[in-house]
Every structure is written in structure tokens, then in C-alpha cells.
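Below is one structure, written out as C-alpha cells, with a few remarks after it.
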Amino acid sequence: MLYQVYDFSHLMAAPMRAMAGLTKAMFQNPLMPETGYARAMAAGAELLERTTRRYAKPKWMLDTTEINGQKVPVTVKTVMQKPFCNLLRFERKTTNNDPKVLIVAPMSGHHATLLRGTVQAMLPEHDVYITDWIDARLVPRSAGKFDLEDNVSYIMDFIRAISSTDGGPDVHVMAVCQPAVPVLCAVSLMAQMKDPCQARSMTLMGGPIDTRRAQTQVTKLGKDKPLSWFERTVISTVPMYYPGASRRIYPGFVQLSGFMSMNMDRHVGEHMRLFHHLVKGDGSSAESHRKFYDEYLSVMDITAEFYLQTVERVFQEHALPEGTFRWKNMTVDPSAIEQTALLTIEGELDDISAPGQTIAAHDLCKGLKPSQKEHHLIKEVGHYGIFNGRRWRTEIQPLVKAFIRNHESEVRTAKKAV
């Protein structure tokens, strides 16, 4: 009944939202004298409306990029469709033969558009693809299940789909947060299979490769509670009025509540600042707040089997670092990786995947040479700042670009030699 209660509470707040909208419109009417009182009333009404509404999936809004000082059109195209994910390509109108990069977005409650800033910074110098995961409440039960092993399978399929027809290793894969584990599994399995489409490099950013290395509220919860507690407490069933009716899911609003509670003081403070910006008439600061929270508060549901398997294997069994992670009939072995270079990035202030968790991948990838491994700990940066914002654009993305270019040149040199 969790989902029904959530939907009912949202429905019950509809008259209040409507009244807030009318109040805002009235006090912002050009015929209304612009006074401090009017701005305060309009600001309060907007705050009430925003804190009680549901946020739709945002649009990408990446219509152009800049290449060599020239503005270039960008078209978002779906290049592969699967029941639980669409593979998107940000097609640029350019003849540049830039490195192909597959960005694997997290399946942790938010839409892939949360990585808009990540994509935007990569576009000028990369041929960018991204996994656009589909809200589980919109996937009919007839589409079947989707668990962590299926997640790994999807990533392998996407890498193969992007690879050149000649089978050369020309794809670079980047995992942001949660998908660090399935990406490392996918790359490992492709190495074990001696797949000709193995990625040229993988970048793991703030991911839970070995959660024993550093404890956070997230890892503590996953470790302290039995799996039955999660199944009983946070798993719900999609109501009959959605396409995914009767599918068992982990609701996005539950995940969002967990994230918000970790930094509640900061989020309350941000909303109070929005009120003051509106009262002062600071439209620029208010719009920045709207853009961030329109994205952050837009959530999607995850299948129950994916969520529970992730909790069990990643946070409780530590299956990948323990060498017990199974995919179908195979044990995942990261030491088999020899062709795919490894870059790991951690944020000093990351309170979700704390420093130590991601760098653990270096110990697992024993088949790589020191020249194929690189790690960066970014000072005074939290989880979100690793892949978005000023530090990402000015400091972290250039590191990723240099790493990709370095290993892209290696494979091109090897191809010429052949």
C-alpha cells in the first residue's frame, strides 16, 4: 500500500497546490503594485507549490555544443531499445573522429538527465552515448524481470553495439556512482570471453566497488539490516493504474527521501534561500535553484529484484571483491582484464561512496600494467560534484579527457602498425 498512500497524499494536496498557483499568479500580476509584501506572498506560494508537486522527467536540453570555437547542432537519437533502457547517442554535426564514450548512468532513483552536466562537458571532444534507464512503473510485467545480472548484460550489449564493425576496441566506458560495479563486471566478463569489442578504457567515478573500505550512512544501512527488512520495508507494488501494474519495485520517492534525509539541513536551507532570492527579486539565483531541484526531485522507480540483488551482493556479501560474484554460469574475474585501462575518481567529501571504495578496483584488476591504471582523489568535492558543476568542468573532466585521449592514441597506433 506504500505507493497508493503516496499517490493519495499527492492527490489530497492538489487543491492546496492549485491555490498556491493562483496566489502566485495574483501577486505577480502586472496590475498588482510591486511591494515587498507582494513578492513575499508570491515567493511563499511558489515554495508551497514546489514542495508538494511531483516532478516529471526533465528534457536533455542539449541542442548545441561548441567544437573548435564553432557552435554545432546536437541531436539526441535512440540507437538501441531494450525493455528497461534506451541507448542514446548525442549526435553532433561534425566530421571529427572523436573517441566514443559510453556513459553508464546510475540506477539509483534519478533519471539519466541528472548527468546533463556530465554529458555537456564531454560533448565538444567526444562522441557521447548514454544509458537512459526506463522508469520501472512504466514497464509492463510481460517484459519480464530486470536484476543486477541483467544490468551487466545490458552494458555488455551496449558496448558491442557501439563498437566498430571491424571489432576493434574503440569504446571508452564511464560509470557514475552505482554502475561502477556492473561496469567492472561487464568489462571483466568481456575480457574472460576474449570478446573483440572490449572497451579501450573504463572510468569509475564514486562507485561502491568495495564498501568495506570506508563506511557511510548508505553502507551502514545496507550492512546492518537483513535483506528481509528491505523487502518488507521499502519494496512496493505498482498500482493498477500504471503500465507496470503489479510489478514489484523500489519506489524512487523512497530513495529520494533517503538522500534528502542525509542532508536535510542543507536542503531546507536551500529552499529558504530560494524564498529570500524571490523576495529580493534575484531572478538569476532563483532560476539556478529551480534548475537543480527540478532535476534532483524528479525520480524513477527501480525493479525490486535489481534493488535487492544490489543490496545483497554489493553491500552485504561484497561479492565482487570477494571473488564470488556470479553472472549466469560464470564467476566474474577482474584480473582477466588486460586491454581495458582503468581510471578511478573519488571525492574527498563523498558521503555516499566514500574515498577508498572506488580505488579498490585497482587491487582487483591485477592483469593491468601500472601504466594502464590511474587514480585521482579530488579535494573538497562531494558525491554530486564529482560529475557535475564547476569542479567537474574545470578540473575533473580534463583529467578524464586526457586519460581517454592517451589510451585512444595507443589503440590507433596499434591499428596502424597492423
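The values are calculated or read from the model by the stated rules, or taken from the named source; none is laboratory data. Keep in mind it's a predicted model, so treat the numbers as computed, not measured. FYI the Cβ positions are ideal-geometry reconstructions off the backbone, even for glycines, and counts take in every protein chain you see.
When the stretch 363-390 is filtered for residues that are more than 23 Å from T211 (Cα to Cα), surrounded by 15 or more Cβ atoms within 10 Å (Cβ to Cβ) and modelled with pLDDT of 95 or more, only Q372 remains.
Figure legend. Inter-residue proximity from the stretch 216-234: first residues in contact (Cβ under 8 Å) with a residue 12 or more places away in the chain, second residues crowded, with 18+ Cβ neighbours inside 10 Å and of a type in the set (D, E), beta-carbon distance below 9 Å, spacing 6+ or different chains. Indicated pairs: T216/D350. Residues that are of a type in the set (A, V, I, L, M, F, W, C) and buried (at least 16 other Cβ atoms within 10 Å of the Cβ) were ranked within the stretch 79-89; the one that is farthest from S164 (Cα to Cα) is F84.
For the stretch 396-418, check the following and say yes or no: at least one residue is among the hydroxyl-bearing types (S, T, Y), more than 18 Å from the chain's Cα centre (by Cα) and either at pLDDT 95 or above or outside any helix (DSSP H, G or I) (or both). No, because not a single residue in the stretch 396-418 is among the hydroxyl-bearing types (S, T, Y), more than 18 Å from the chain's Cα centre (by Cα) and either at pLDDT 95 or above or outside any helix (DSSP H, G or I) (or both). Just one of the numbered conditions (1) of a type outside the set (G, A, S); (2) over 23 Å from P106 (Cβ atoms); (3) part of a strand (DSSP E or B) is not true of H376: (2). Among the conditions (1) over 17 Å from F230 (Cβ atoms); (2) of a type in the set (S, T, Y); (3) touching a residue at least 60 places away in the same chain (Cβ under 8 Å), T303 misses just one, which is (1). If you go through the stretch 278-289 and keep only what is closer than 18 Å to A25 by Cα and either in the same structural domain as G385 (by TED's automatic domain parsing) or exposed (fewer than 14 other Cβ atoms within 10 Å of the Cβ) (or both), you end up with K280, G281, G283, E287. Of all residues in the stretch 90-116, those that are in a strand (DSSP E or B) and surrounded by fewer than 20 Cβ atoms within 10 Å (Cβ to Cβ) total 1. Within the stretch 330-358, the set of residues being free of Cβ contacts under 8 Å to residues at least 60 places away in the same chain and in a loop (DSSP other than H, G, I, E, B) comprises E348, L349. Give me the helices (runs of 4 or more DSSP H) completely within the stretch 1-61, filtered to those with at least 2 residues that are charged (D, E, K, R), ordered by residue number. Where helices (runs of 4 or more DSSP H) fall fully within the stretch 1-61 and carry at least 2 residues being charged (D, E, K, R), they are 14-27, 36-52. Among the numbered conditions (1) in contact with a strand residue (DSSP E or B) (Cβ under 7 Å, 6 or more places away or on another chain); (2) charged (D, E, K, R); (3) closer than 16 Å to F315 by Cα, the only one that R212 does not meet is (1).
The residue that is surrounded by the most Cβ atoms within 10 Å (Cβ to Cβ), counting only those in the stretch 34-78 that are in contact (Cβ under 8 Å) with a residue 24 or more places away in the chain and of a type in the set (D, E), is E46.
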